[in-house]
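Contents: one structure, followed by commentary.
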Ligand code: 2AM
Ligand code: CA
Ligand code: CA
Ligand code: CA
């Protein structure tokens, strides 16, 4: 846990330095699917640290493994032993626009189950962390999900996949269905931080389609340790190979799913 925190904080320092120079933005699949030289540097830095200190652990990371068509299926056969799941910058579009809402997300897995989660926003110096059965923290303070009892009191978030960026997408319809039922819906642009915000009570719930393991591996542990619930659209415990994720403070979970599906 302490090593993971050290690597993530150092990567955050690197990002803050590299941000001062041109970002060298490149398109991946389309104009909303972007990567910068800073994403690449952050990823290489994290991979190098882990390879040096833990040479027998496996690593899955967005900019190295994300090109594969089957990348969201990669964890369908759980990998044994210890492994690291890395998003070197979650919220790249925010990062490119100097909108201070992005994070480094690092999850540690053991025999197919998430064990440790670290999500760090280097601009605000907010570090969310959790270890299975050890509670969840924002910097040194314990965090807990919000107390909202009814969907009408819920502040929710969701997000677009890059490939989903078109007017009649499913998520636009879902937001429409939430109108008048939930208090409001936000699109903040960094899934790892959305999960941490549900964990610390700033959001009551979050749903998203088409996420990848590196978007959520760390946030899952943090949210579960903070008393939240994370499932797929059928209400079954979320697996990293699932395409739809529904997260909440637990209390509103059923109501949230019933409006979404
Ligand atoms: P990213 O910034 O690391 O790409 C936005 O709703 C969330 O979805 C972010 O966490 C973003 O992660 C992720 N996301 C959006 N489009 C994506 C894509 N094409 N591939 C991978 N992740 C994506
Ligand atoms: Ca990306
Ligand atoms: Ca991401
Ligand atoms: Ca990313």
Tell me whether segment 112-131 contains one or more residues that are more than 18 Å from the chain's Cα centre (by Cα) and more than 16 Å from ligand 2 (Cβ to nearest atom). no
Residue list for segment 82-103, restricted to those being away from ligand 2 (no atom under 13 Å from the Cβ) and in contact with a helix residue (DSSP H, G or I) (Cβ under 9 Å, 6 or more places away or on another chain): 84, 85, 99, 100, 101
Mind checking which residues of segment 207-234 are under 11 Å from the mean Cα position of the chain (by Cα) and over 13 Å from residue 107 (Cα atoms)? 208, 211
Options 203, 223, 156: the member that is outside the structural domain of residue 61 (by TED's automatic domain parsing), modelled with pLDDT of 95 or more, within 20 Å of residue 89 (Cα to Cα) and more than 10 Å from ligand 1 (Cβ to nearest atom): 223
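What about residue 198, is it surrounded by fewer than 21 Cβ atoms within 10 Å (Cβ to Cβ), in a helix (DSSP H, G or I) and on the phi < 0 side of the Ramachandran plot? Explain how you work it out, then say what you get.
Numbers: surrounded by fewer than 21 Cβ atoms within 10 Å (Cβ to Cβ): no; in a helix (DSSP H, G or I): yes; on the phi < 0 side of the Ramachandran plot: yes.
No; evaluated as a whole, the condition is false for this residue.
The values are calculated or read from the model by the stated rules, or taken from the named source; none is laboratory data. Note that the coordinates shown come from a computational prediction; the quantities given were computed from them, not determined experimentally. Using ideal geometry, Cβ is built from the backbone for each residue, glycine included, and neighbour counts are taken over all protein chains shown.
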